[in-house]
1. Which residues, counting only those in segment 73-95, are closer than 15 Å to Asn127 by Cβ, in contact (Cβ under 8 Å) with a residue 24 or more places away in the chain and in a loop (DSSP other than H, G, I, E, B)?
2. Residues Glu160, Glu147: which one is in contact with a helix residue (DSSP H, G or I) (Cβ under 6 Å, 6 or more places away or on another chain) and of a type in the set (Asp, Glu)?
3. Pick out the one residue from Leu120, Leu104 that is more than 18 Å from Leu64 (Cα to Cα), among the aliphatic types (A, V, I, L, M) and either modelled with pLDDT under 95 or surrounded by 12 or more Cβ atoms within 10 Å (Cβ to Cβ) (or both).
4. Going by the structure shown, is Phe151 in contact (Cβ under 8 Å) with a residue 12 or more places away in the chain, touching a Phe, Trp or Tyr at 6+ places or on another chain (Cβ under 8 Å), within 30 Å of Glu26 (Cβ to Cβ) and surrounded by 12 or more Cβ atoms within 10 Å (Cβ to Cβ)?
5. What are the pairs, 6+ residues apart or on separate chains, where a residue within segment 97-115 that is of a type in the set (A, V, I, L, M) has its Cβ under 7 Å from a residue that is in a loop (DSSP other than H, G, I, E, B) and surrounded by 12 or more Cβ atoms within 10 Å (Cβ to Cβ)?
6. Would you confirm whether any residue within segment 53-71 is surrounded by 22 or more Cβ atoms within 10 Å (Cβ to Cβ) and either at positive phi or touching a Gly at 6+ places or on another chain (Cβ under 6 Å) (or both)?
7. Of everything in segment 160-184 that's free of Cβ contacts under 8 Å to residues at least 12 places away in the same chain and over 16 Å from the mean Cα position of the chain (by Cα), which residue is surrounded by the most Cβ atoms within 10 Å (Cβ to Cβ)?
8. List, please: which pairs have Cβ atoms under 8 Å, are six or more places apart or on different chains, and start with a residue in segment 33-61 that is among the basic types (Lys, Arg) and end with one that is part of a strand (DSSP E or B)?
Amino acid sequence: MFFTEDVIVDSAMSFSEAVEGSTAPEEIILTLSLVDVLYYSFDGRKHQGQIVVNNELEDDVYDLFNYIEKILFPIGKVVPIVAYQWNDYDSMADNNTSSFNFRLIEGTNKLSMHSLGKALDINPVQNPVIYPNGVLVPEGSKYQPQESGTFTADHPIVQEFLRRGWHWGGNFEQPKDYHHFEKP
């Protein structure tokens with residue numbers, strides 16, 4: 001059930017607050033924007049959050065969140081990852097949707113697309129990473145495709161991302177990264 005009451009503000013940072021303490025070089029920080037987004041959360045109420053993304057993807061992200069809001073797809077929360085002291089695991093465990101985080105791809109020496117603000121993780125608790133050995137991240141998450149807030153290959157939001165030239169982590173060979181979208 002969705003109510004028509006006031007918007008709950010989950011994040012109201014300035015750009016400088018949203019990137020404070022990042023180890024990203026200045027040339028990367030200068031390519032980023034802070035986007036305000038509206039969405040319905042699992043409480044059935046409208047929320048306002050913020051996401052730091054690459055300038056080139058600002059319009060895409062704004063349009064995608066408008067679509068997400070329009071179809072009433074629930075999102076846990078959308079708060080810049082600085083609120084989690086740049087800790088991806090803490091952000092995922094809190095079911096936070098995020099983009100920019102200057103970090104390496106897990107288990108490699110290669111920068112993640114998140115380091116450039118060109119990747120977006122949505123509802124990690126409903127859409128976990130599933131490793132070949134069966135481990136799910138974040139801890140305690142479950143992938144139940146029939147549950148609200150979960151993505152499948154034929155989900156309209158996944159299709160909208162793909163239509164716009166994004167890649168979906170659910171299509172990755174290994175690991176399956178159901179919450180991850182990136183645009184090369």
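1. Phe73, Ile75, Gly76, Asn95, listed by residue number.
2. Answer to the selection: Glu160.
3. Leu104
4. no
5. Leu104/Ser112; Ile105/Ser112
6. Checked against the condition, which is being surrounded by 22 or more Cβ atoms within 10 Å (Cβ to Cβ) and either at positive phi or touching a Gly at 6+ places or on another chain (Cβ under 6 Å) (or both), segment 53-71 yields at least one hit.
7. Phe172
8. Taking only residues 6 or more apart or on different chains, the pairs are Arg45/Ile8; Lys46/Ile8; Lys46/Leu38; Lys46/Tyr39; Lys46/Tyr40.
The values are calculated or read from the model by the stated rules, or taken from the named source; none is laboratory data. It should be emphasised that the depicted structure is a prediction, and the values quoted were computed from it without experimental measurement. Every residue, glycine among them, receives a Cβ derived from its backbone with ideal geometry; neighbour counts consider all protein chains shown.
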